[in-house]
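Inspection log for the structure reproduced underneath, given as structure tokens.
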Amino acid sequence: MIRLEPRAATPAWLAVAAPTGAVAAALLVASAVLWAIGIAPLTVLRLMVEGALGSTFAMAETATRATPLLLTGLAAAIAFRARFWNIGGEGQLYLGAMAAVALGSGAIEGPPLLLVPLVLAAGAIAGALGALLPALGKVRAGADEVVTTLLLNFVIALFVQMMLEGPLKDPMGLGWPQSPPLLDEAMLPRLVERQRLHAGLLLGLLLALLLQLVLARTVWGLAVRAVGHNPRAAAYAGLPVARTTLAVAMLSGALAGLAGAGEVAGLKGYLTADLSPGYGYAGIVVAMLAGLSPLAVVPAAFLVAAVFVGADTMGRGLGISSYFADLVVALALLFVLAGGLLMRYRLRFARGPA
Amino acid sequence: MTAEAERPAARQAAGGARARPPLLRLRGISKRFGEVVANEAVDLELAAGEILALLGENGAGKTTLTSILFGHYAADAGEVLVADQEGRLVALPPGRPEAALEAGIGMVHQHFTLAHNLTGFENIVLGTEAWWRPRPAPPGARRRIEELARRMGLEVELDRPVGQLGVGARQRIEILKALYREARVLVLDEPTAVLTPQEAEGLFATVRALAADGRGVIFISHKLAEVEAVAERVVVLRQGRKVADRPLAGTSRSELARLMVGREVREPIRRPRPPGEVVLALDGVGAGSGRDRIEDVTLELRAGEILGIAGVSGNGQAALAALVAGLLRPERGRVELLGSTAALSSPAAAVRAGVGRIPEDRERDGVVGELDLAENLALERLAAPETSRLGFLRRKAMRARARRAIEAFGIRAPGPDVPVRLLSGGNMQKVVLARALDGAPRLLLADQPTRGLDVAATAFVHERLLEARERGAAVLLISEDLDELLGLSDRIAVVHRGRLAGPFPSERLDVPTIGLLMAGHEGGLPAAEVAA
């Protein structure tokens, strides 16, 4: 007979082993699918590892992919810590991208030192406002933020399309629904010569460190944790529960918006409706893999990015759809949720009658 | 009191116990969880028609022992023997609840296991018929249940959804459920914790009827008064071992308390003290909603005084506590702390104004279980210079303060960094107490401060409340434990359906009188005292 016993604390090795194991298990199950259609799983694995880490180019590409995941992962982690279930990272990302384009494609001019921070700030603010609306709904009217943030993603996606066909359409774009390009002065600097890796990564790393510090060491961070774990007791102790929830929601939205601004200003240079292949949603997986710890979001983001990049390369080599990456990431989420049980409980194999 | 009146009958029954055949025997039961010894070589015997009290503090091993009896745990050593139909004692296979049920062992848990959307009848018969049968129960079931209910004094509405019934009625359904499955040994786990004194009397009558019917009852408790009221024999557990097994007749309460705790426990004594200025004043206050509402409440609480509020839970105590804690604003009337109405406008304002607050439900409102001890202690005063500087937590200072609280309040915890959810109920309450008493509050709200605590922890809390009073704090004590109220309070008011009777000087009250007031009979008091 198996019994579950609550753990006093999660041992450190398990906090690392559980998410890693989840990704490994996801790869295993996913390759079973490939095996069923006649592709050797080991070939798949080799191609994925090579594709993600096999060369300077591959590694730079993985780091480039990890950049938005890092930010959306932080967005989800901070929100979930306060039990604000922000599923709207995808929408907030697009809002951020749209604000960056609106401001950076010629509306104002100036040197990079001025323009880059402005464009990023615009993205953060737009994302924050996008999360504020559902947060107000939750605090004022008790509207379930899972539903409102999720549905707003679709509203925002359609809004982006409308803008790209209308006011934000590039007159020089040959009729394609895309925005005018950002000014060169508004673009984030590249980190490595001739690679796509940009300074957004440094920003993400810095923010991860900062958030870790804020959560553990500041009064506000303590309030966030208290509100997240037991809002009633937090209110009883006199903490501003509603205000904390609103602030966390806005911070979360700002991080997602930053991811969008970073993609535009660091990578693409202009906005299209397919800017993000679901970074907002994948950020949730990243946060869960990281156990909602900001610092752990960093390796988790790189892990998920490696799966994405590796699956892309592997898919091109073998002629398999790159949706394979989504399959692995989705499975990883399921496994990490199941693994969460192991983090909180210990399995006891009770012996039979003595 | 009633307890005294029942004594001769109980003693008689105890005298007859020798002749009765044994129904249940536990032999050498031992159980360890890791390093912790939960039970060590416990022997226990129960005769047909006997009422046995199982007494012990929290963590003494009562629950483990009954879980082994019921097959939830398998003992490391020892065996459980139950009499079969012919009266022969047969060993139960360990770790098999269904075998225990089959053998006629019934258990009424402290937290009921009823489906709220089903009726009482449905709950009772649930699971007794094979799943493929079209009907939930055989045709005679209804009559059998009604017959049982009548004989055992367990009248209850069988056709209402359980969710609409009161706690007492739910407990009667739990007992009926066990009886319907022909339980011959009935284990009641802390059954009076949720009942009013009157309901408890009804339960005692049922327990006696069950014994008269030839069943054996094990009555688990840590309250000495009710053990005396109902049981014939008592078994005391301490740290997993049986330290006493004797008839109750001739055993004093203080002796039982000593056996339970392992040392002398002295309840602190309230010394007379002239009350000071008015600290808290309510004038014609109406507040709250639904069942938890108070109406037209007027009272004054002075420095150096403990004012007790008695009442069946859900008569407006929650609204009163919420007002004082700063969580609720009055709709009518005025609530003043030292002459200011703004002082209780929010929880934070209440803390700033010097109100220490012990909430009714410590796990829901008192602590954040995932946060550590130091963080929980600091939670009410995050902006204070001893907690933070420029928005950053002063972790070292917080830890030092937590260590002082661990020392001063005898909190059993590995250190200031342990998450509070890992502490026992008593130690969690000490954390809440330490926080509430921090900064020498002018007013102390103590809402059910000893609920679920054992004898030693209860005495500790009482001592601290009296200390606060001695220091000149005004204490508002809301409790369902009437002995606690009578022992600590200078004056007691009784709340019934949101209205307050009293306050009366506590010297002029006793348990039956308060019981009557709790049920809404104001006529229970002589007119002169009502006026007092």
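The values are calculated or read from the model by the stated rules, or taken from the named source; none is laboratory data. Note that the structure is a prediction, hence the values are computed from the model and not measured. Every residue, glycine as well, gets a Cβ built from its backbone with ideal geometry; the counts of neighbours run over all protein chains shown.
Scan segment B:205-223 for residues that are surrounded by fewer than 22 Cβ atoms within 10 Å (Cβ to Cβ) and hydrophobic (A, V, I, L, M, F, W, C) and the total you get is 3.
Do we find that B:LEU443 is surrounded by fewer than 21 Cβ atoms within 10 Å (Cβ to Cβ), touching a residue at least 60 places away in the same chain (Cβ under 8 Å) and within 26 Å of B:SER340 (Cα to Cα) in this structure? Write out each step before concluding.
On the way: surrounded by fewer than 21 Cβ atoms within 10 Å (Cβ to Cβ): no; touching a residue at least 60 places away in the same chain (Cβ under 8 Å): yes; within 26 Å of B:SER340 (Cα to Cα): yes.
So B:LEU443 does not fit the description; no.
Taking the condition within 14 Å of chain B (Cβ to nearest Cβ) and under 30 Å from B:VAL355 (Cβ atoms), does A:THR245 pass?
On the way: within 14 Å of chain B (Cβ to nearest Cβ): no; under 30 Å from B:VAL355 (Cβ atoms): yes.
The answer is no for A:THR245.
Here A:GLY269 meets each of (1) at pLDDT 90 or above; (2) within 19 Å of A:ALA122 (Cβ to Cβ) with one exception, condition (1). Does segment B:301-333 hold any residues that are assigned to a loop (DSSP other than H, G, I, E, B) and within 23 Å of B:GLY168 (Cβ to Cβ), and which are they? Once the filter is applied, which keeps residues that are assigned to a loop (DSSP other than H, G, I, E, B) and within 23 Å of B:GLY168 (Cβ to Cβ), segment B:301-333 yields B:GLY311, B:VAL312, B:SER313, B:GLY314, B:ASN315, B:GLY316. Among the candidates B:GLU386, B:GLU370, the residue that is under 28 Å from the mean Cα position of the chain (by Cα), surrounded by fewer than 17 Cβ atoms within 10 Å (Cβ to Cβ) and within 13 Å of chain A (Cβ to nearest Cβ) is uniquely B:GLU370.
So how many residues does segment B:322-358 have that are at the interface with chain A (Cβ under 10 Å from one of its Cβ atoms) and in contact with a strand residue (DSSP E or B) (Cβ under 6 Å, 6 or more places away or on another chain)? Steps first, answer last, please.
Residues of segment B:322-358 that are at the interface with chain A (Cβ under 10 Å from one of its Cβ atoms), as a first pass: B:322, B:325-327, B:346-352, B:357.
Going one step further and asking which of them are in contact with a strand residue (DSSP E or B) (Cβ under 6 Å, 6 or more places away or on another chain), we end up with B:325, B:357.
Counting residues in segment B:322-358 that are at the interface with chain A (Cβ under 10 Å from one of its Cβ atoms) and in contact with a strand residue (DSSP E or B) (Cβ under 6 Å, 6 or more places away or on another chain) gives 2.
Scanning segment A:302-309 for any residue that is assigned to a helix (DSSP H, G or I), at negative phi and within 14 Å of chain B (Cβ to nearest Cβ) turns up nothing.
Candidates in segment A:227-239 are the residues that are at the interface with chain B (Cβ under 7 Å from one of its Cβ atoms) and in a helix (DSSP H, G or I); of these, the one that is nearest to the chain's Cα centre (by Cα) is A:HIS229.
Does B:ALA348 satisfy being in a helix (DSSP H, G or I) and surrounded by 24 or more Cβ atoms within 10 Å (Cβ to Cβ)? Before the answer, list the steps.
Values: in a helix (DSSP H, G or I): yes; surrounded by 24 or more Cβ atoms within 10 Å (Cβ to Cβ): no.
When the stated conditions are applied, B:ALA348 does not pass them.
Of all the criteria given as (1) touching a residue at least 24 places away in the same chain (Cβ under 8 Å); (2) over 20 Å from B:LEU433 (Cα atoms), the one not satisfied by B:ALA413 is (2). Go through A:GLY221, A:GLY166 for me and flag whichever is more than 11 Å from chain B (Cβ to nearest Cβ), farther than 19 Å from A:ALA259 by Cβ and without any contact (Cβ under 8 Å) to a residue 40 or more places away in the chain. Answer to the selection: A:GLY166. For first residues located in segment B:367-392 and at negative phi, partners that are assigned to a helix (DSSP H, G or I) and among the polar types (S, T, N, Q) and lie 6+ apart or on another chain with Cβ distances below 7 Å form the pairs B:VAL367/B:ASN376; B:VAL368/B:ASN376. Is it the case that some residue within segment B:298-308 is within 13 Å of chain A (Cβ to nearest Cβ), farther than 22 Å from B:ASP438 by Cα, within 29 Å of the chain's Cα centre (by Cα) and among the hydrophobic types (A, V, I, L, M, F, W, C)? There is no residue in segment B:298-308 that is within 13 Å of chain A (Cβ to nearest Cβ), farther than 22 Å from B:ASP438 by Cα, within 29 Å of the chain's Cα centre (by Cα) and among the hydrophobic types (A, V, I, L, M, F, W, C).
I'd like the full set of residues that are on the phi < 0 side of the Ramachandran plot and either acidic (Asp, Glu) or not in a helix (DSSP H, G or I) (or both), limited to segment A:75-100. Please lay out each step first, then the result.
So in segment A:75-100, the residues on the phi < 0 side of the Ramachandran plot come out as A:75-82, A:84-100.
Within segment A:75-100, A:ALA82, A:PHE84, A:TRP85, A:ASN86, A:ILE87, A:GLY88, A:GLU90 meet the criteria.
In summary, no strands (runs of 3 or more DSSP E) completely within segment B:51-149 bear 3 or more residues that are of a type outside the set (Phe, Trp, Tyr), touching a residue at least 24 places away in the same chain (Cβ under 8 Å) and exposed (fewer than 14 other Cβ atoms within 10 Å of the Cβ). Restricting attention to segment A:225-247, the residues being under 17 Å from A:GLY142 (Cβ atoms) and touching a residue at least 24 places away in the same chain (Cβ under 8 Å) number 6. When we screen A:LEU292, A:LEU327, A:LEU275 for residues that are surrounded by fewer than 22 Cβ atoms within 10 Å (Cβ to Cβ), over 16 Å from A:GLY73 (Cβ atoms) and hydrophobic (A, V, I, L, M, F, W, C), the only hit is A:LEU327. When B:LEU158 is tested against the conditions (1) out of contact with any Ser or Thr (no Cβ under 7 Å at 6 or more places or on another chain); (2) at pLDDT below 85, the lone failure is (1).
Test B:VAL230 against the criterion of being at negative phi, surrounded by fewer than 24 Cβ atoms within 10 Å (Cβ to Cβ) and of a type in the set (Val, Ile, Thr), and give yes or no. Write out each step before concluding.
Numbers: at negative phi: yes; surrounded by fewer than 24 Cβ atoms within 10 Å (Cβ to Cβ): no; of a type in the set (Val, Ile, Thr): yes.
In short, no.
A residue that is under 23 Å from B:ASN58 (Cα atoms) and in the same structural domain as B:ALA319 (by TED's automatic domain parsing) can be found somewhere in segment B:465-473. Which residue is farthest from B:ILE294 (Cα to Cα), if the candidates are limited to segment B:373-383 and must be in a helix (DSSP H, G or I) and within 11 Å of chain A (Cβ to nearest Cβ)? The extreme case among them is B:ALA374.
Only residues that are in contact (Cβ under 8 Å) with a residue 24 or more places away in the chain, at positive phi and either of a type in the set (Gly, Ala, Ser) or buried (at least 23 other Cβ atoms within 10 Å of the Cβ) (or both): list them for segment B:313-338, please. Hits for segment B:313-338 are B:GLY316, B:GLY326, B:GLY333.
Could you tell me whether segment B:272-287 includes any residue that is within 14 Å of another protein chain (Cβ to nearest Cβ) and farther than 30 Å from B:HIS521 by Cβ? Looking for residues that are within 14 Å of another protein chain (Cβ to nearest Cβ) and farther than 30 Å from B:HIS521 by Cβ, one finds none in segment B:272-287, hence no. The condition (being assigned to a helix (DSSP H, G or I), small (Gly, Ala, Ser), more than 17 Å from B:ARG381 (Cβ to Cβ) and touching a Phe, Trp or Tyr at 6+ places or on another chain (Cβ under 8 Å)) is satisfied by just one residue among A:ALA242, A:ALA259: A:ALA259.
Which is part of a helix (DSSP H, G or I) and either free of Cβ contacts under 8 Å to residues at least 12 places away in the same chain or in contact with a Pro (Cβ under 6 Å, 6 or more places away or on another chain) (or both), of B:GLU463, B:GLU470?
Details: B:GLU470 fails: either free of Cβ contacts under 8 Å to residues at least 12 places away in the same chain or in contact with a Pro (Cβ under 6 Å, 6 or more places away or on another chain) (or both).
After applying the criteria, what remains is B:GLU463.
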